[in-house]
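As structure tokens, the structure follows; a few thoughts come after it.
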Amino acid sequence: MLKPTEKIWHNGRFINWDDAKVHVLSHVIHYGSSIFEGIRCYETATGPAIFRLHEHLRRLFDSAHIYRMDFPFTHEQVAEAMLELVRVNKMRACYLRPVVFRSYGDVGVNPLKNPIDAYIACWEWGKYLGDEALASGVDVCVSSWTRIAPNTLPALAKAGANYMNSQLMKMQAITDGYSEAIALDSNGYVSEGSGENVFLVRDGKILTPPLGASVLPGITRNTIVQLAQDLSTPVVETIIPREMLYIADEVFFSGTAAEVTPVRSVDRIKVGKGERGPVTEKIQREFFALVNGTKPDRHGWLSPVGQKQPSLA
Ligand code: PPE
């Protein structure tokens, strides 16, 4: 269960957790008119630091732009709000969730007259696909649901409505005994998980679907591509037939919540040896060393919160 923190940022002010409420006739409740981000703040030896804050904010503003939402704050203001939120809540590590939506005003599909409301909350979020997932890998299925098709819902926007498709995938997967599902795009090629991008490894080469395969332009996806290049491992963005998932040497997920999670089987077919593979492990090691600050931040990906938080111990 979600453990409340003290404050939530709302339209430029910090309010109490329990006061962050919306009216039932808010546009977003009826028509899914929200965009959001998910960002992790990691504990490092020199205090908490937000991982790839600016890339996440860029995507938030891109999502707002796609949906014609006039969000009256600058990138810098929201960045400062996020850092301040971690400070006021005295968090050491947390997940941050900015959400921008069409709020209370009129009812009816036309969203243009409804005000835009913005909140940022944070909380402690552990391992997305279970505690064992990072080491042992997860069992997944190919969803019978297709990922949102081009020209239906824009996949490059991180919009609440996209997650109705994700929920269908996830519910089916869980009910059928899997941890997660991978969807195919409307052409039948591999797209992404309900809340993760997908990578395959075959013959030492890393493959991932291109943005045209209805995937979210994941910040972790971009991180993996960069880390693979740093490690001189070739990475190719290419359309991927479904059966490549079965014959890949390794498959793994990437995402802010999921971080880098190995996939050990797809549709009950073992991937490689049915355990975390060596390339996945190498990428994981590099990823966690960077986010935890045990390796120098050579890409400038960490935004220090600027205050060492008291130890909870
Ligand atoms: N695809 C989807 C559909 C997705 O939701 C995410 C993130 C990604 C790819 C990876 O993107 P990125 O986080 O930028 O690397 N999913 C977020 C929400 C998960 C949730 O259950 O809520 C996340 O990981 O924060």
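Only the coordinates and a few stated rules stand behind these numbers; no lab work does. Being a predicted model, the structure only gives us computed values, none of them experimental. Cβ: placed from backbone, ideal geometry, glycine included. Neighbour counts: every protein chain shown.
Values as computed for the structure displayed
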quantity	calculated
Subset of the stretch 183-205 [of a type outside the set (A, V, I, L, M, F, W, C) and more than 16 Å from the ligand (Cβ to nearest atom)]	Asn187, Gly188, Arg202, Asp203, Gly204, Lys205
Scan of the stretch 137-166 for residues that are within 22 Å of Arg97 (Cα to Cα) and either touching a Phe, Trp or Tyr at 6+ places or on another chain (Cβ under 9 Å) or within 10 Å of the ligand (Cβ to nearest atom) (or both), ordered by number	Pro154, Ala155, Ala157, Lys158, Ala159, Gly160, Ala161, Asn162, Tyr163, Asn165, Ser166
Residues of the stretch 111-126 satisfying the condition of being under 18 Å from the mean Cα position of the chain (by Cα) and in contact (Cβ under 8 Å) with a residue 24 or more places away in the chain	Tyr119, Ile120, Ala121, Cys122, Trp123, Glu124, Trp125
Residue check for Thr208: surrounded by fewer than 18 Cβ atoms within 10 Å (Cβ to Cβ), closer than 14 Å to Thr280 by Cα and of a type in the set (Val, Ile, Thr)	no
Entirely in the stretch 1-104, the strands (runs of 3 or more DSSP E) that have 2 or more residues that are in contact (Cβ under 8 Å) with a residue 40 or more places away in the chain and at positive phi	none
Test: residue in the stretch 228-239 that is within 16 Å of the ligand (Cβ to nearest atom), under 26 Å from Glu55 (Cα atoms) and surrounded by 23 or more Cβ atoms within 10 Å (Cβ to Cβ)	no
Members of the stretch 108-134 that are surrounded by fewer than 16 Cβ atoms within 10 Å (Cβ to Cβ) and touching a helix residue (DSSP H, G or I) at 6+ places or on another chain (Cβ under 7 Å)	Val109, Lys127
Hits in the stretch 158-178 - residues which are surrounded by 21 or more Cβ atoms within 10 Å (Cβ to Cβ) and not in a helix (DSSP H, G or I)	Lys158, Ala159, Tyr178
Positions within the stretch 245-262 being free of Cβ contacts under 8 Å to residues at least 60 places away in the same chain and assigned to a helix (DSSP H, G or I), in sequence order	Tyr246, Ile247
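Rundown of residues vs (1) within 15 Å of the ligand (Cβ to nearest atom); (2) under 16 Å from Arg102 (Cα atoms); (3) touching an Asp or Glu at 6+ places or on another chain (Cβ under 7 Å), yes/no style:
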position: Arg13; (1), (2), (3): no, no, no
position: Asp18; (1), (2), (3): no, no, no
position: Leu25; (1), (2), (3): no, yes, no
position: Tyr31; (1), (2), (3): no, yes, no
position: Tyr42; (1), (2), (3): yes, no, no
position: Arg52; (1), (2), (3): yes, no, no
position: Arg58; (1), (2), (3): yes, no, no
position: Ala79; (1), (2), (3): no, no, no
